Amino acid sequence: MAPRVAVDVVDVVRAGDAWRVRWRIASDPPLRLIHVAAPHGKLRAADRDIDLVTPVELALEVVSTEPAGTEIENTFLILTAEAERTTWRILARMRVRVGADGVPHPVTERIDVQEVGFSGQR
């Protein structure tokens, strides 16, 4: 059975030419997060390996130059996680509304958790 996962935005602050977005990630059961990506062309961050255990706050510096009032659909925070010798892909689909002040506000719309493999004996 796939773990239950929640991904919520904690805050968004300016970080030079980028935006530092902090997400709170929780799961049942706890997961070891090993990789993160935010690949959308209008809200993106470099892929990187991580080593965190849920529940956790994860911060990424994302680039978005969309003008105020813009709505960006189908952005993703993509996580790879492990639990009990199983690897999971977590796809958190978001809609981003860019405020009048230019700050992007991601909102999680859907989370899909897919098993991508396992190692060792179950």
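FYI, it's all coordinate maths here, none of it is from the lab. The structure displayed is predicted, hence computed values, not measured ones. Neighbour counts are summed over all protein chains in view; Cβ atoms, including those assigned to glycine, are modelled from backbone coordinates with ideal geometry.
Counting pairs of alpha carbon atoms under 8 Å apart in space and at least six apart in sequence, what relative contact order in percent does the chain give?
Computed value for the chain: 24 percent relative contact order.
Dipole of the chain (Lys/Arg Cβ +1, Asp/Glu Cβ -1, origin at the Cα centre): which of A100, H40, A68 lies farthest to the positive side?
Result: H40, furthest along the dipole toward the positive end.
Please give the charge dipole size of the chain, origin at the Cα centre, charges +1 on K and R Cβ atoms and -1 on D and E Cβ atoms. Round to the nearest 20 debye.
The calculated dipole for the chain is roughly 140 debye.
Taking θ = phi - 60°, what integer Hz values does the Karplus form 6.51 cos²θ - 1.76 cosθ + 1.60 yield along the range 46-59, in sequence order, with x for Gly and Pro?
Coupling constants for the range 46-59: 5, 4, 7, 7, 9, 8, 9, 10, 6, x, 7, 9, 10, 10 Hz.
Between A68 and V56, what is the label-to-label distance in nm when each label sits 7 Å out along the Cα-to-Cβ direction?
That separation, rounded to one decimal, is 3.7 nm.
Among (i) 9.0; (ii) 12.7; (iii) 7.2, find the value of mean projected area of the Cα convex hull in nm² that was calculated from the structure presented, and write down its label.
(iii)
For the range 17-26, take each phi angle, set θ = phi - 60°, evaluate the Karplus expression 6.51 cos²θ - 1.76 cosθ + 1.60, and give the result in whole Hz per residue in order, putting x for glycine and proline.
Listing the rounded values in order: 8, 10, 10, 8, 9, 10, 10, 9, 10, 10 Hz.
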